[in-house]
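Notes for the one structure printed next.
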Amino acid sequence: MDELLALVDINLHDIGVIVTNCSVFSPTPSMTSMIINKYKLPVDVKSFNLAGMGCSAGLLALDLAKRVLLAHPNKYALVLSTENLTRSLYYGNQRSMLVTNCLFRVGGSAVLLSNKWKDRKISKYKIIHTSRSQMGAIDMCYRSVYQEEDCKGTIGVSLSKDLMQSAGLALQHNMKLLGPKILPFSELFLYILNGFMMKISPNSKIKPYIPNFKLACDNICIHAGGKAVVRAMELALNLPFELSEPSHMTLYRFGNLSSASVWYELAYEESKARVKKGNRVWQIGLGSGFKCCSSYLKALKDIDLRSSSQCWADCISELPVQLPSDEGGHH
């Protein structure tokens, strides 16, 4: 947040909304209160501290901040997404719980939102749409990422074999919410026609039509939940490596950064100078619950952070690296 506030020229008393999220760490006072105290924010700031909401909480927090700003004009909103794994390190020997020790890492991101018209000239992106899908009513999805005790009473987070299926269901529902808002008419027509044909011929071998979301996006940031997650998303959306590269490289360099991962991925694209004015960016967050959250952004200017990126500057020139064949054989 220090780095963010050093880049912008704002009066801290104009910050009207602050949203923080950290899934497995919930201190007292809250992280929101810590930030308010550190920066001496105004007493009427609308503060929200999200805990236990998994890796999709970064985009969920963005959605919340956007909605609160709509009701409070002429204000700024700060969104801080992070994770603190130290308190939840698993010390047992159950394999399904040891995965989180190997995969997750600590990271953080800070985003400043504005609903002031004058800030349009200096803003990097405009939020076009956000969508949220919650599959918690389905037991399989609810228990796919689950904190519990092992047979010896040691607490850990268990990843079930139903995780990929749960992610697929959440993504499918989220695409149904977002698709009508962002897809071109031609794709919507084909999807509706396919559904109609399947309905009138239920016993036919007609396969469900998956719209081509590549036509609606120039940059895609898929939550770097693991190589299997990213690979499954590639297959589901029929993505070339160029579009999934930010997710693969974030996982390679930083691991699973939980709710902050989609912002590291966007910073990767910016550091590669691949975000141009008018580009449409789709961020996809997947997390426990099971949830899928999306944000659809429009770039308001060309962005080139090759010489100034805080997190990628030391390695961006060496990426992408060649991936092992079990990740799809891409280069």
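The values are calculated or read from the model by the stated rules, or taken from the named source; none is laboratory data. None of these values were measured; they are calculated from a predicted model. As a convention, Cβ positions derive from the backbone with ideal geometry for all residues, glycine included, and neighbour counts pool all protein chains shown.
Each residue in the range 21-67 was checked for being under 22 Å from Ser258 (Cβ atoms), assigned to a loop (DSSP other than H, G, I, E, B) and not hydroxyl-bearing (Ser, Thr, Tyr), and 8 pass.
Right, Ile127: of a type in the set (Val, Ile, Thr) and either farther than 20 Å from Ala57 by Cα or out of contact with any strand residue (DSSP E or B) (no Cβ under 9 Å at 6 or more places or on another chain) (or both) or not?
Numbers: of a type in the set (Val, Ile, Thr): yes; either farther than 20 Å from Ala57 by Cα or out of contact with any strand residue (DSSP E or B) (no Cβ under 9 Å at 6 or more places or on another chain) (or both): no.
The answer is no for Ile127.
If the condition is being among the aliphatic types (A, V, I, L, M) and either loosely packed, with under 13 Cβ neighbours inside 10 Å or touching a strand residue (DSSP E or B) at 6+ places or on another chain (Cβ under 6 Å) (or both), then the range 11-34 contributes Ile15, Val17, Ile18, Val19, Met31.
Might you check whether a residue that is in contact with a Gly (Cβ under 9 Å, 6 or more places away or on another chain) and free of Cβ contacts under 8 Å to residues at least 60 places away in the same chain occurs anywhere in the range 17-35? There is at least one residue in the range 17-35 that is in contact with a Gly (Cβ under 9 Å, 6 or more places away or on another chain) and free of Cβ contacts under 8 Å to residues at least 60 places away in the same chain. Among strands (runs of 3 or more DSSP E) entirely within the range 116-219, having at least 2 residues that are within 27 Å of Val275 (Cα to Cα) singles out 125-134.
Quickly run through the range 196-215 and pick out the residues that are loosely packed, with under 14 Cβ neighbours inside 10 Å and either closer than 17 Å to Glu234 by Cα or in contact with a Pro (Cβ under 8 Å, 6 or more places away or on another chain) (or both). Passing the criteria: only Leu215. Among residues belonging to the range 298-310 that are in contact (Cβ under 8 Å) with a residue 40 or more places away in the chain and touching a Lys or Arg at 6+ places or on another chain (Cβ under 7 Å), point out the one that is surrounded by the most Cβ atoms within 10 Å (Cβ to Cβ). This residue is Ala299. Screening the candidates Ile155, Ile222 for the property of being within 28 Å of the chain's Cα centre (by Cα), surrounded by fewer than 20 Cβ atoms within 10 Å (Cβ to Cβ), of a type in the set (Val, Ile, Thr) and closer than 27 Å to Leu60 by Cβ yields one hit, Ile155.
Listed conditions (1) buried (at least 19 other Cβ atoms within 10 Å of the Cβ); (2) among the β-branched types (Val, Ile, Thr); (3) not assigned by TED's automatic domain parsing to the domain that holds Val275 are all met by Val106, apart from (1). If you go through the range 257-301, how many residues are in contact with a strand residue (DSSP E or B) (Cβ under 6 Å, 6 or more places away or on another chain) and of a type in the set (S, T, N, Q)? Of the residues in that region, 6 qualify. Looking only at residues in the range 271-302 that are in a strand (DSSP E or B) and small (Gly, Ala, Ser), the one that is modelled with the lowest pLDDT is Gly287.
Just for the range 225-253: of the residues that are charged (D, E, K, R) and more than 15 Å from Pro324 (Cα to Cα), which one is surrounded by the most Cβ atoms within 10 Å (Cβ to Cβ)? Ranking the candidates gives Glu234 first.
Confirm whether Tyr39 is touching a residue at least 40 places away in the same chain (Cβ under 8 Å) and not assigned by TED's automatic domain parsing to the domain that holds Ser294. Spelling it out, it is not the case that Tyr39 is touching a residue at least 40 places away in the same chain (Cβ under 8 Å) and not assigned by TED's automatic domain parsing to the domain that holds Ser294.
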